[in-house]
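*Asks:* Okay, handing you the structure first.
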Amino acid sequence: MRQPDPRYAARLAAYGAVATRLSLLSDRRIGAMAADAAPLGSGAGGGSAELDLDGTRVFVKRVPLTDTADRCTSRTSDSP
């Protein structure tokens, strides 16, 4: 049986740790972290940034919502 690549296992563990950490934060705290993240650039779909979460780089995609989309999303998915 082939052994899994240790780099892959390490990457999965890091992603799992980041996912757990993010799931424990409030929407407000995540929003503040995203607002403070180092900008990387801007494109047709919005801006992007990068932040550090417990030593792991996290890519942030900022997608602007219209007023209509914001109201609709908030009602249907409990989003902020």
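The values are calculated or read from the model by the stated rules, or taken from the named source; none is laboratory data. Because the structure is predicted, anything quoted here is derived from the model rather than measured. No Cβ is skipped: glycine too gets one built from the backbone with ideal geometry, and neighbour counts run over all protein chains shown. These area figures cover heavy atoms from the full protein model, side chains too; ligands, DNA and RNA do not enter into them. Shrake-Rupley method; radii C 1.70, N 1.55, O 1.52, S 1.80 Å.
*Asks:* Which number in (1) in a helix (DSSP H, G or I); (2) of a type outside the set (S, T, Y); (3) open to solvent by less than 90 Å² (accessible area, probe 1.4 Å) marks the one condition that V60 misses?
*Replies:* V60 satisfies all of (1) in a helix (DSSP H, G or I); (2) of a type outside the set (S, T, Y); (3) open to solvent by less than 90 Å² (accessible area, probe 1.4 Å) except (1).
*Asks:* Let me ask another. Just need a number here: residues in the range 26-45 that are open to solvent by less than 100 Å² (accessible area, probe 1.4 Å) and in a helix (DSSP H, G or I).
*Replies:* Counting residues in the range 26-45 that are open to solvent by less than 100 Å² (accessible area, probe 1.4 Å) and in a helix (DSSP H, G or I) gives 7.
*Asks:* On the basis of being surrounded by 12 or more Cβ atoms within 10 Å (Cβ to Cβ) and modelled with pLDDT of 90 or more, does R21 make the cut?
*Replies:* On the way: surrounded by 12 or more Cβ atoms within 10 Å (Cβ to Cβ): yes; modelled with pLDDT of 90 or more: yes.
Spelling it out, R21 is indeed surrounded by 12 or more Cβ atoms within 10 Å (Cβ to Cβ) and modelled with pLDDT of 90 or more.
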